[in-house]
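All remarks here apply to the structure that follows.
The values are calculated or read from the model by the stated rules, or taken from the named source; none is laboratory data. These numbers were taken from a predicted model, which means no experiment stands behind them. Neighbour counts run over all protein chains shown; Cβ positions are idealised from the backbone, glycine included.
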Amino acid sequence: MTEPSIRISASMVREHLSIVTVGWFDDRNLPPPAVENYAPLVAELHEVVTESGDLPWFVLGLQHVLLTPSVSARGLANTRFAYSERESREIMEYVLKELAPGQVLDPKGPAARVDLQEMARREWLALRERQQIPC
């Protein structure tokens, strides 16, 4: 018996990730020389996803993208700069490392069951209330 999929809002992931991928370019024209330079924005992102209640879902969404080569990381890294797929995944890896230190990407874990779907914020919030975040 297969476990049911876990629906997560792709829009939520994109919106939160844009704190880093769009926010960087508020004062700059080029990306940083190293992903570690995003640290202040990742700290802001951490605060926002924690306060919104999206943290576990956001982490699970990033894990899913990183475990699923067919999912476009670039499509979720909404930005003013044209990051490549590789660069988008590097940013996501760094964000994940900072938000969930020590967590291992498990291809058989809950992230493998994620179904990223476009949905309005209201729809996402209602869905989030009905789902239990897997441990």
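Condition test on L96, is it in a helix (DSSP H, G or I), out of contact with any strand residue (DSSP E or B) (no Cβ under 8 Å at 6 or more places or on another chain) and within 15 Å of I19 (Cβ to Cβ)? In short, yes.
Annotation: G102 fulfils all but one of (1) more than 11 Å from the chain's Cα centre (by Cα); (2) surrounded by 14 or more Cβ atoms within 10 Å (Cβ to Cβ); (3) farther than 19 Å from S11 by Cα; the unmet one is (2).
Summed over the stretch 20-40, residues that are closer than 16 Å to L96 by Cα and surrounded by fewer than 19 Cβ atoms within 10 Å (Cβ to Cβ) total 5. Out of the residues in the stretch 111-122 meeting the condition of being more than 11 Å from R7 (Cα to Cα) and touching a residue at least 40 places away in the same chain (Cβ under 8 Å), tell me which one is surrounded by the most Cβ atoms within 10 Å (Cβ to Cβ). Ranking the qualifying residues of the stretch 111-122, first place goes to A112. Does at least one position in the stretch 33-43 carry a residue that is more than 24 Å from E129 (Cβ to Cβ) and assigned to a loop (DSSP other than H, G, I, E, B)? Within the stretch 33-43 (the criterion being more than 24 Å from E129 (Cβ to Cβ) and assigned to a loop (DSSP other than H, G, I, E, B)), the answer is yes, since at least one residue qualifies.
Going residue by residue through the stretch 75-88, is there one that turns out to be closer than 23 Å to E123 by Cα and not in a loop (DSSP other than H, G, I, E, B)?
Yes, the conditions are met somewhere in the stretch 75-88.
E47 satisfies every condition listed in (1) surrounded by 13 or more Cβ atoms within 10 Å (Cβ to Cβ); (2) closer than 28 Å to Q131 by Cα; (3) over 11 Å from the mean Cα position of the chain (by Cα) except (1).
Right, V65: surrounded by 13 or more Cβ atoms within 10 Å (Cβ to Cβ), assigned to a helix (DSSP H, G or I) and touching a residue at least 60 places away in the same chain (Cβ under 8 Å) or not?
Against the criterion (surrounded by 13 or more Cβ atoms within 10 Å (Cβ to Cβ), assigned to a helix (DSSP H, G or I) and touching a residue at least 60 places away in the same chain (Cβ under 8 Å)), V65 does not qualify.
If only residues of the stretch 1-17 that are at pLDDT 95 or above and of a type in the set (S, T, N, Q) are counted, the one that is farthest from E123 (Cα to Cα) is S11. Do we have E93 as free of Cβ contacts under 8 Å to residues at least 60 places away in the same chain, more than 23 Å from R130 (Cβ to Cβ) and not β-branched (V, I, T) here? The answer is yes for E93.
Each residue in the stretch 79-95 was checked for being in contact with a helix residue (DSSP H, G or I) (Cβ under 6 Å, 6 or more places away or on another chain) and under 15 Å from T68 (Cα atoms), and 5 pass.
Determine whether V71 is touching a strand residue (DSSP E or B) at 6+ places or on another chain (Cβ under 7 Å) and among the hydrophobic types (A, V, I, L, M, F, W, C). Yes, satisfied. Mind checking whether some residue in the stretch 102-116 is more than 30 Å from N29 (Cβ to Cβ), outside any strand (DSSP E or B), acidic (D, E) and touching a helix residue (DSSP H, G or I) at 6+ places or on another chain (Cβ under 9 Å)? Looking for residues that are more than 30 Å from N29 (Cβ to Cβ), outside any strand (DSSP E or B), acidic (D, E) and touching a helix residue (DSSP H, G or I) at 6+ places or on another chain (Cβ under 9 Å), one finds at least one in the stretch 102-116, hence yes.
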